[in-house]
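Every number here is computed from the coordinates shown, using simple stated rules; none is lab data. Keep in mind it's a predicted model, so treat the numbers as computed, not measured. Cβ sites come from the backbone with ideal geometry, for glycine too, and all protein chains shown count toward neighbours.
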């Protein structure tokens, strides 16, 4: 991931990088204090990332709550085969760890 950042977003490459989560679809790492890096782990998830890159920025402007719309895009490179994203860090808990207090309201 450092090589991808250095090659494509060198101004962010020296920021601290910490793995936060790795699920079926994505690896998510904290980048500094303001960003997350989302890298697809399989081809099916790569298509979802491209959809997020296309649609979330325009949707974010219309929604009443913050969403992790990509602020920067990453391209395949350095041996990594898929598009990836840098998104804003939004504080909170992972839904898998903290389910909604009222699932019916979700």
Please give the helix 43-60 orientation as an angle from the longest Cα principal axis of the chain, in degrees from 0 to 90, rounded to the nearest 10. 70 degrees
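Arranged by the count of other C-beta atoms within 10 angstrom, fewest first, what order do 22, 9 take?
Fewest-to-most Cβ neighbours within 10 Å comes out as 22, 9.
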Over the chain, calculate the relative contact order: mean separation of alpha carbon pairs under 8 Å at least 6 apart, over the residue count, as a percent. 22 percent
